[in-house]
């Protein structure tokens, strides 16, 4: 990914505390044009606080936050961003078209209404009151509000929660279109496959710090595990006892396991069950990498439990 | 390098300046959206328009003449005051307490909404609702109850009611900053109805115990009602002490709201 040029937003050595709790602890991040940046982490990792500071909703206790070279609390900086928050109850009695016109009026050079509606897939909803929409449709409207101002940087907090598969894939298409136009995107999501499918760069946070930052492939490479699936008479309980198997479970008639030595596990499986079929070996996905990374961050408690 | 990139940045942000016309447009859109959303919301329209109208029809017109010839005129002022209280208290106070809780205000603060748009939109909506309720009451009074009002009295009553909505906007703003979430409607109703009663909007204060008459002096609706009564020709007092009292109440409410805003954001 070409991310040359100066960053459009950045945090340097940012610390944010709420009372005794340090929500963000010395964070450095840079966001670029034309890039989808996914921010991942367990609940309480500091993702929301990080986004809040970038949006000017919270001020850092230490360090610097810049949005287009300005303080995010400056209106000029925020005129270049679009925002979709995780939970925002929009006025229920307003129609979709009215919400779009209102939000577009905050921006100097917004998209025209039809273009916005088509990009976000709400063209057929413009005359409907917001309250009459399904949860997935409401999310699409919120996405439309985020992109109506022709933003150079788009903040999307869990954008596809409540969307069905088709709506989710449409949103992905729209996002890729915006990125092709040169916009940057900050995405927080619980759907790891979403980050895997979309993100050029993934940052995993835990306890207010960055655990890992890089491409999806970089992140996966940090985890040597592979997944093995097959149909066999061997059961998970039995296979889990093999030293080279990290984790095993039964999925219906299939056996699923993860291992860092796939070749020797496969050899052993074939030896143990000549009838074994439908064998698949895959590199670990983002999900395994993510679990692995965040588990490492909880290391002290985990180590004692394993020792016990 | 840094100098170059910051020059590029500031050039880019210059092109992002909003024209004055677009900024004004944002204020207009916000006010329009606020008015529309409440006109379509029965939970707001019933206390604001239907209640004062229904009360006036019942007590001011149907059984009003039984209370003496001046009852329709007296209650035109009283229910006018009652009517202009609720846009500020509910449209402002309850809405703000809900929107601080449900993420709408957070979203608006993250968006590049021009400063003040949000509050100004709510003030415009409150004044608009006050104008509508005043029109309805004046029409009922003159056409149905045959209350004789000179053009000057009519204009004076409109002005009183429209400006009279403002102290309640300030009070709503303060309540909205103090209360958060779904408790809002209940708490505001607990203040709204007793305050209207104790201010003599439903029964003349002269019929009430001395203690209630004293309490009324510290209630904004009492003072607004005194101004309205004088305007329709039933008042005995000078208007300015009541106007001064309303201004003082507004200042205190705003100061408390601002203090709260500074401390809690």
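How high is the FRET efficiency from residue B:202 to residue B:155, r the C-beta distance, R0 25 Å, rounded to 0.05?
Working: r = 26 Å, r/R0 = 1.05.
In this case the efficiency is close to 0.45.
Helix-only mean residue ellipticity at 222 nm, chain A, DSSP H runs n ≥ 4 weighted -39,500 (n - 2.57), per residue, nearest 500. What is it? Write down the numbers at each step before the final one.
Numbers: 12 runs with 107 residues, N = 308.
Result for chain A, helices only: -10000 deg cm²/dmol.
Taking Cα centroids, how far is the stretch B:90-130 from the stretch A:177-241 in Å?
Value for the Cα centre distance between the two parts: 40 Å.
Working from Cα positions, state the angle (0 to 90°, nearest 10) between the long axis of helix B:184-198 and the longest principal axis of chain B.
The helix B:184-198 is inclined about 30 degrees to chain B.
Would you mind pulling out the separation of the Cα centroids of the stretch A:139-170 and the stretch B:196-265, in Å?
Spelled out, the Cα-based centre of one part sits 48 Å from the other.
I need the shape label for the stretch A:175-308. Rule: rounded when a/c is under 1.5, else prolate if a/b > b/c, else oblate, with a, b, c from the alpha carbon gyration tensor.
oblate
For a quick protection proxy, order the peptides B:225-236, B:198-209 by their average other-Cβ count within 10 Å, most packed first. Kindly include the intermediate steps, with their values, before the conclusion.
Details: B:225-236: 20.7, B:198-209: 16.3.
Packing proxy ranking, top to bottom: B:225-236, B:198-209.
Using helices alone, I'd like the mean residue ellipticity at 222 nm for chain B: each DSSP H run of four-plus residues gives -39500 (n - 2.57), total over residue count, nearest 500. Each step should come with its number before you reach the end.
On the way: 13 runs with 182 residues, N = 265.
Helix contribution divided over all residues of chain B: -22000 deg cm²/dmol.
Please state the shape class of the protein assembly as shown: rounded when a/c is under 1.5, otherwise prolate if a/b exceeds b/c and oblate if not, all from the C-alpha gyration tensor. Write down the numbers at each step before the final one.
On the way: a/c = 2.69, a/b = 2.31, b/c = 1.17.
Prolate is the answer for the protein assembly as shown, as a/c is 1.5 or above and a/b outweighs b/c.
Please pull out the direction-averaged projected area of chain B, using the convex hull of its alpha-carbon atoms, in nm² to one decimal place.
Numbers: hull surface 69.0 nm².
Its average projected convex-hull area is 17.3 nm².
Say each of residue A:244 and residue A:173 gets a label point 7 Å from the Cα, pointing the same way as Cα to Cβ; how far apart are those two points in nm?
4.5 nm
Taking 7 Å along the Cα-to-C-beta vector as the label spot, tell me the residue A:28-residue A:237 distance in nanometres, rounded to one decimal.
In this crude label model, residue A:28 to residue A:237 measures out at 5.2 nm.
Per residue of A:85-95, count partner chain C-beta atoms within 10 Å of its C-beta, then hand back the mean as an integer. Each step should come with its number before you reach the end.
On the way: counts 6, 1, 5, 9, 7, 5, 10, 3, 10, 5, 3.
That works out to 6 on average.
Once R0 is set to 45 Å, what does the formula 1/(1 + (r/R0)^6) return for the Cβ-Cβ distance between residue A:278 and residue A:134, expressed as a FRET efficiency to the nearest 0.05?
Numbers: r = 38 Å, r/R0 = 0.84.
That gives a FRET efficiency of 0.75.
So how compact is the stretch B:97-139: Cα radius of gyration and Dmax in angstrom?
For the stretch B:97-139, the Cα-based Rg and Dmax read 14.3, 44 Å.
What FRET efficiency, computed as 1/(1 + (r/R0)^6) with R0 = 51 Å and r the Cβ-Cβ distance, is obtained for residue A:254 and residue B:182, rounded to the nearest 0.05?
The calculated FRET efficiency here is 0.60.
Can you give me the distance in nm between label points at residue A:124 and residue A:193, each placed 7 Å from the Cα along the Cα-to-Cβ direction?
Reported label-point gap for residue A:124 and residue A:193 is 2.4 nm.
Counting only other chains, and only Cβ atoms inside 10 Å, what mean value do you get across the residues of A:97-109? Kindly include the intermediate steps, with their values, before the conclusion.
Numbers: counts 0, 5, 2, 0, 4, 13, 8, 3, 15, 13, 6, 8, 4.
Mean partner shielding for this stretch: 6.
Each value in this text was obtained by applying a stated rule to the coordinates, not by laboratory testing. All figures in this text were calculated on a predicted structure; none of them were measured in a lab. Every residue, glycine as well, gets a Cβ built from its backbone with ideal geometry; the counts of neighbours run over all protein chains shown.
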